[in-house]
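Some notes on the structure that comes next.
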Amino acid sequence: MKMNVGSTERLLRIIAGVVIIGLGLYFQSWWGVIGLVPLLTGLFRFCPLYSMLGMNTCKR
């Protein structure tokens, strides 16, 4: 896996993921599971959709 998520976007994805998971827990909804997607793509710095579209926000 080649990194394709930049540092600013990584931080935003992690924050968004945590917020979505937190809201899912607060409202006792399964929709919080969706927060795993931005959280994991932020932690691993890899987005499969970016790979398919040929996008890269990483400066390296």
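In the range 1-48, what residues are touching a residue at least 12 places away in the same chain (Cβ under 8 Å), assigned to a loop (DSSP other than H, G, I, E, B) and open to solvent by 80 Å² or more (accessible area, probe 1.4 Å)?
Met1, Lys2
Based on what the data block shows, is Ser51 more than 13 Å from Met1 (Cβ to Cβ) and surrounded by fewer than 17 Cβ atoms within 10 Å (Cβ to Cβ)? Spell out how you get there, then give the answer.
Numbers: more than 13 Å from Met1 (Cβ to Cβ): no; surrounded by fewer than 17 Cβ atoms within 10 Å (Cβ to Cβ): yes.
When the stated conditions are applied, Ser51 does not pass them.
The values are calculated or read from the model by the stated rules, or taken from the named source; none is laboratory data. Here the structure is a predicted model, which means the values were calculated and not measured. Cβ: placed from backbone, ideal geometry, glycine included. Neighbour counts: every protein chain shown. What goes into the accessible areas is simple: the full protein's heavy atoms, side chains included, and nothing from ligands, DNA or RNA. Shrake-Rupley method; radii C 1.70, N 1.55, O 1.52, S 1.80 Å.
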